[in-house]
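The values are calculated or read from the model by the stated rules, or taken from the named source; none is laboratory data. What you see is a predicted model; the values in this text were computed from it and never measured. In this analysis, Cβ positions are derived from the backbone assuming ideal geometry, glycine residues included, and neighbour counts consider all displayed protein chains. Ligands, DNA and RNA are stripped out before the accessible areas are found, and what is left, the full protein with its side chains, is counted by its heavy atoms. Shrake-Rupley method; radii C 1.70, N 1.55, O 1.52, S 1.80 Å.
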Amino acid sequence: MANVSMTVNGRAVERTVEDRTLLVQFLREDLGLTGTHVGCDTSQCGACVVHIDGKAVKSCTTLAAQVDGASITTIEGLANGVDLHPVQAAFKEHHGLQCGFCTPGMIMAAVDMIERHGGKLDEKTVREELEGNRERHHGC
Amino acid sequence: MGVEGIGARVPRKEDKRFITGKGRYTDDMSVAGMCKAAFVRSPHAHAKIAGIDTAAAEKMPGVIAVLTGGQLKEDGIGDIICGWMIHSKDGSPMNMGANPALAVDTARHVGQAVAVVIAETQAQAREAADAVNVNWQELPAVASADAALAAGAPQIHENAPNNLIYDWEIGDAAAADAAIAGAAHVTKLEISNNRLVPNAMEPRAALADYNAAEDHYTLWTTSQNPHVARLVLSAFYQVAPEHKLRVIAPDVGGGFGSKIYIYPEEIVCLWASKKAGVPVKWTADRTEAFLTDAHGRDHITTAEMAFDANNKMIGLKVDTIANFGAYMSLFSSAVPTYLYATLLSGQYVIPAIHCNVRAVYTNTTPVDAYRGAGRPEACYVMERLVETAARELGVSPAELRRANFVGEFPYQTPVIMAYDAGDFDASLNAAMAGADYAGFAGRKAEAEARGKLRGIGMACYIEACGIAPSQAVGSLGAGVGLWESAEVRVNPVGTIEVLTGSHSHGQGHETTFAQLVAERLGVGLDSVQIVHGDTDKVQFGMGTYGSRSGAVGMSAISKAIDKVEAKAKKIAAHLMEAAEGDIEIADGEVRVAGTDKKLGWHEVCLAAYTAHNLPEGMEPGLKEGAFYDPANFTFPAGCYICEVEVDPGTGHTDIVQFVAADDFGRIINPMIVEGQVHGGVVQGIGQALLEGCQYDPETGQLVTATYNDYPMPRADDVPSFDVSTTETLCPNNPLGIKGCGEAGAIGSPPAVINAITDAIGNNDLTMPATAEKVWRALSASAVAQAAE
C-alpha cells in the first residue's frame, strides 16, 4: 500500500491506495471524479488525459503513487466556477463533440497544446498533435 | 422557423455536462456494496470444455462467487436469440445453433465467456479469473466464410451442416441471367467487404443490482434500446420478469449498432447479482470489446452488371457469402438479406436483379449490424461496379450514372423497395460543383508534376432507414415491431417533458427533439426536457438504430404534440369564448386569430391542471402519448466525391478532397446533421484505408485485438470535408425526415476506393487500401503496362 497526497482541482487530498492503483482509478474510484474516462488498455485513445503539474498526461498509464505531491487538474477542474474554459466553450460552439466520451481527454489535450504552442496553432499542427486521441464520432 | 425551431443551427443542450465532465456513463455509476465481475474467456477459437475447476479461484482474496455455464443452465437462463427469422430458398428455416450466455460444452470463438468471477475489487476478480482452470480440448477452427463452406471444413454447430445458416435469394434469377446473356457489355467484379470492429469509444458495461426485499432488478447498461433489452432479458432469457426489471441506459458513449444487442455479460451480471447477493459491475476492457462486441460487414461477393448498347443497365446478378461468426447475433440474419440485397438497385433503373446470399458460421466473433448494416455492403458493390463499367465503356462515370438514375417517384425496384422521393441529379450536380469535377484534369497534371498520382472517384448511394411498417417487417421475419412511442407531458407552469423511446448516444436528441417542441408549441428550448433511456420513465420504445430517431421517433413526438395542441386549443377556446378553429399557438401565447384576445401558454396549461373551468366533460391535465408506425422505409440518398493523391514510392494515400452532397429530407438542426455526416464519412474512410479485422486462418486467433494492431482514423488521416444538402421531403412521415446517421459510412468507402483505383490504374484492390496494398497494386499495374 502507498500513502499518496496531491492537489486535485485545487483541493488537497490524501489516501492510502494499493501500489498498483492507476491515477485514473484513483481519480474515478477514490475521488469520484468520473469525468476522466478509460477507452482503451494501450494508452492510445486519450480519453483519460489530465494535467499533471500543468502538462497533459494519460492517467491510465500513470500510477497514483508516481504523482505523489503533484498538482492534478481534471476536466471537472478546468472551468473557473461557472465560467467555462474557452476551449470548453469552443467545443460546444463548434459542435466538437457528439457522445461526449472522448471529449474530456480531447479538451485537456487541446488546452495543453494551445499552451505549449503559445496560442500559435495551424490546422496541420492541431491534427498532428491529436495523434494521441481517438474518436469515433467527431471530436467524440 | 424560429431561432430555436426546426432548421435552426442551435448549440446542443446536452453539451454542458459532457464538456465539464458531468456526463454519467454506466461505468460512472456505483451502488453501495458493489462488487466487480471478471469473465473467464476462451483462449481458443474452437474447443471442447472437458471440465472447469473453480476451487483455487474460490479461495482467492475478495472472491464472492465463481459461476459457470452449467449453473446458468440449471437456473433456467435461456440461450441468446436471433430476432429475425430468415428462410432459405428451399423453404427451410435458418439453422440457428444454441448460444448460451456462458459456454457449457464447447467454445466457438476466442473470447467467448465460459465462467465469471465476482469479487470485491476489479483486480481481485481478474486474478481469480486467471486462476479458474478450464480443461480445454482444442478442435480445428475456421475463420473465413469461404473456407467454412469448403468440403472438410471444421463443423461448428451440429444443426448447421457445412456451416450453412441459410441459402437465401431475392429477385428473378432467370431474368437476370437472360439480361447478362443478351448484354452488349457485362462488368464483373469479385468484391470483399472487410470485417470491422465497431469500437464505440465507451466500452460496453453493465451494473446489475438485485433487491431481494422487492424481488426487483435494476440494470444500468450501455444500450441503444433499453426497452428491447428488458423485453429480451425477461421474455427470452428468463433472467427477471419484465415488471420486476428496470433497465437504464444513461449517457452512452457511441453505439454504431454494437450496443443494440443484449450480450452475455448483461445476462450474467443480472443473474449473478441475485445468485451472489451483491450488486455486480462489469466494464469491458478494449481487448474484450474487440473480442466480444458484434463485428460488422465481412462479405465476399461476385457481381455482374449488364448494359445494353446504349449503356442502359439491363440486369444485375449478385452472389454473396456473409460471415456470421460463431453464433447468430440478435439481428444478424436481417443484415445481408433485407438490409443489403433490397438496396441492390442503387439509384438506378435496373429491370432484372437477382441476389443470392449464403450465411455461414465461422469460429469468429459474431457479426451483426454496424453503422449502415448491409447498406454499405450494397453500395460498395453497386458503386464499384458502375465506376468500373464506366472505365470499361470509356464513358464519364458521372454521366453513366445519370443516364441510369431513377427519375420518377414512387419507383418500385425489383427487390422489394419502393423509393418514395428523391432527386439524384440534384445531389450529383451539387457534389460535382462542390468538387470542381470539371477541373480534375488540371489538378491531376499539377500533381503529376509533383510526382503524385491523383485520382477521383464517386459514389451515389441510396439507403433505407427508419425501418418499415411493423406489419411488413413482421411478414419478412422480424420478431419485433419497428414503431416508436412518445409522451408529451405539459406541466402546470407550461414547461414540457418529452418521454421518448428513442435513445441518444451522441445524436443530440435532447436538442433536436426539443427544437420540434419549440417549433410547435412556441416555447423556448430551456422549457423543454427530453427524457429517454429508462424503462421506469418511458413506457416502451424500440430504441435508436437505422437512422430512425428523426423519421420515426420524432414522428411519434409530433403525433403526441398534435393531441396536446388539440386539447390546449379546446381549453383556450373555452376560456376565451372563441371558436376552436381560430386558436393559434405561437411565441408562448395562445391567441384568437384576428383579435387581440390571448392567454399565456402557461395560463392555458395551469387551467388544464386546476380544472376549475374546463369544457364540459373534459378530463383534467395536459399529457398525451402516441405510437407512430412508419408507412414505409425512408430513402436518404446522395453523392460523394473523393479525390486522392497516391505517393508512388510508398503507396501512401492522401485524401486531398472529400465532398458530400446528401438528401436527408427535412433537417431539424444543420449543425448536428453535418456532424453526423462527418462522423460517418470518417468511419467509411477508416474502412477504406485503415481498418480490417484480421484472424489467423489456422488458429482463429484475432490478430487485431488492440489499438496497436487495429488502426482507427485519427485527426491527421482525414481532410476537412465539404458537406452540403439538397432536399426532397419524405412523403411518408409528418415531418418529411429521411435520416442522416449512417449515410457517411455508406457512401464513402466506394468513393475512396474508386479514387485510388483511378489514381493507380489498377482496379484490383481490396479494403483496407493500406500503403502496402496500394504499392503492390501499383507495381502490378506497372508490370502489366510494361508487358503490353
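Tell me, please, whether a residue that is in contact (Cβ under 8 Å) with a residue 12 or more places away in the chain, in contact with an Asp or Glu (Cβ under 6 Å, 6 or more places away or on another chain) and not acidic (Asp, Glu) can be found in the stretch B:142-152.
Within the stretch B:142-152, none of the residues are in contact (Cβ under 8 Å) with a residue 12 or more places away in the chain, in contact with an Asp or Glu (Cβ under 6 Å, 6 or more places away or on another chain) and not acidic (Asp, Glu).
Which residues, counting only those in the stretch B:515-558, are β-branched (Val, Ile, Thr) and in contact with a helix residue (DSSP H, G or I) (Cβ under 8 Å, 6 or more places away or on another chain)?
B:517, B:523, B:528, B:530, B:535, B:538, B:544, B:557
Out of the residues in the stretch B:96-108 that are open to solvent by 10 Å² or more (accessible area, probe 1.4 Å) and over 19 Å from residue B:76 (Cα atoms), state the one that is nearest to the chain's Cα centre (by Cα).
B:96
Residue B:328 - would you say it is assigned to a loop (DSSP other than H, G, I, E, B), aliphatic (A, V, I, L, M) and either more than 30 Å from residue B:509 (Cα to Cα) or open to solvent by 10 Å² or more (accessible area, probe 1.4 Å) (or both)?
When the stated conditions are applied, residue B:328 passes them.
Could you please find all residues in the stretch B:590-602 being open to solvent by 40 Å² or more (accessible area, probe 1.4 Å) and either in contact (Cβ under 8 Å) with a residue 12 or more places away in the chain or touching a Lys or Arg at 6+ places or on another chain (Cβ under 7 Å) (or both)?
Hits for the stretch B:590-602 are B:591, B:594, B:595, B:597, B:598, B:602.
Filter the stretch B:740-788 for residues that are within 30 Å of residue B:630 (Cα to Cα) and of a type in the set (A, V, I, L, M, F, W, C); which is surrounded by the fewest Cβ atoms within 10 Å (Cβ to Cβ)?
The residue in question is B:740.
So, in the stretch B:241-256, of the ones that are in a loop (DSSP other than H, G, I, E, B) and surrounded by 24 or more Cβ atoms within 10 Å (Cβ to Cβ), which residue ends up nearest to the chain's Cα centre (by Cα)?
Per the criteria, the residue is B:256.
For the stretch B:257-279: of the residues being part of a helix (DSSP H, G or I) and open to solvent by 20 Å² or more (accessible area, probe 1.4 Å), which is nearest to residue B:25 (Cα to Cα)?
B:264
Looking at (1) touching a residue at least 24 places away in the same chain (Cβ under 8 Å); (2) more than 14 Å from chain A (Cβ to nearest Cβ); (3) among the hydrophobic types (A, V, I, L, M, F, W, C); (4) open to solvent by 10 Å² or more (accessible area, probe 1.4 Å), can you tell me which one residue B:622 breaks?
With respect to (1) touching a residue at least 24 places away in the same chain (Cβ under 8 Å); (2) more than 14 Å from chain A (Cβ to nearest Cβ); (3) among the hydrophobic types (A, V, I, L, M, F, W, C); (4) open to solvent by 10 Å² or more (accessible area, probe 1.4 Å), residue B:622 is out only on (4).
Quick grid of which residues meet (1) over 24 Å from residue B:384 (Cβ atoms); (2) touching a Gly at 6+ places or on another chain (Cβ under 9 Å); (3) open to solvent by 10 Å² or more (accessible area, probe 1.4 Å):
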position: B:667; (1), (2), (3): yes, yes, yes
position: B:696; (1), (2), (3): yes, no, yes
position: B:700; (1), (2), (3): yes, no, no
position: B:703; (1), (2), (3): yes, no, yes
position: B:714; (1), (2), (3): yes, yes, yes
position: B:719; (1), (2), (3): no, no, yes
position: B:730; (1), (2), (3): yes, yes, no
position: B:738; (1), (2), (3): yes, yes, no
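Scanning for something open to solvent by 20 Å² or more (accessible area, probe 1.4 Å), over 23 Å from residue A:116 (Cβ atoms), in a loop (DSSP other than H, G, I, E, B) and within 14 Å of chain B (Cβ to nearest Cβ), does the stretch A:53-76 turn up at least one residue?
Checked against the condition, which is being open to solvent by 20 Å² or more (accessible area, probe 1.4 Å), over 23 Å from residue A:116 (Cβ atoms), in a loop (DSSP other than H, G, I, E, B) and within 14 Å of chain B (Cβ to nearest Cβ), the stretch A:53-76 yields no hits at all.
Looking at the structure I just gave you, is residue B:18 open to solvent by less than 30 Å² (accessible area, probe 1.4 Å) and more than 14 Å from chain A (Cβ to nearest Cβ)?
No, not satisfied.
Among the listed residues B:686, B:675, identify the single one that is under 30 Å from residue B:420 (Cα atoms) and within 10 Å of chain A (Cβ to nearest Cβ).
None of the others qualify; the one that does is B:675.
Scan B:233, B:291 and give me the residue that is at pLDDT 95 or above, assigned to a helix (DSSP H, G or I) and out of contact with any Ser or Thr (no Cβ under 7 Å at 6 or more places or on another chain).
B:233
Considering only the stretch B:207-215, I want to know if a residue exists there that is open to solvent by less than 10 Å² (accessible area, probe 1.4 Å), among the small types (Gly, Ala, Ser) and not in a loop (DSSP other than H, G, I, E, B).
Yes: the stretch B:207-215 contains one or more residues that are open to solvent by less than 10 Å² (accessible area, probe 1.4 Å), among the small types (Gly, Ala, Ser) and not in a loop (DSSP other than H, G, I, E, B).
Given (1) within 9 Å of chain B (Cβ to nearest Cβ); (2) surrounded by fewer than 23 Cβ atoms within 10 Å (Cβ to Cβ); (3) over 14 Å from the mean Cα position of the chain (by Cα), identify the lone condition not met by residue A:82.
(1)
May I ask you to list the residues in the stretch B:328-344 that are under 19 Å from residue B:382 (Cβ atoms) and in contact with a Cys (Cβ under 6 Å, 6 or more places away or on another chain)?
B:341, B:344
The conditions are (1) among the small types (Gly, Ala, Ser); (2) more than 10 Å from chain B (Cβ to nearest Cβ); (3) within 16 Å of the chain's Cα centre (by Cα), and residue A:100 fails exactly one of them. Which is it?
Among (1) among the small types (Gly, Ala, Ser); (2) more than 10 Å from chain B (Cβ to nearest Cβ); (3) within 16 Å of the chain's Cα centre (by Cα), residue A:100 violates only (2).
Can residue A:46 be described as surrounded by fewer than 15 Cβ atoms within 10 Å (Cβ to Cβ), in a loop (DSSP other than H, G, I, E, B) and within 12 Å of chain B (Cβ to nearest Cβ)?
Criteria not met by residue A:46.
For residue A:11, are the conditions met, namely being under 26 Å from residue B:291 (Cα atoms), without any contact (Cβ under 8 Å) to a residue 24 or more places away in the chain and not small (Gly, Ala, Ser)?
The answer is no for residue A:11.
Any chance you could count how many residues in the stretch A:77-108 are part of a loop (DSSP other than H, G, I, E, B), within 21 Å of residue B:256 (Cα to Cα) and not small (Gly, Ala, Ser)?
6
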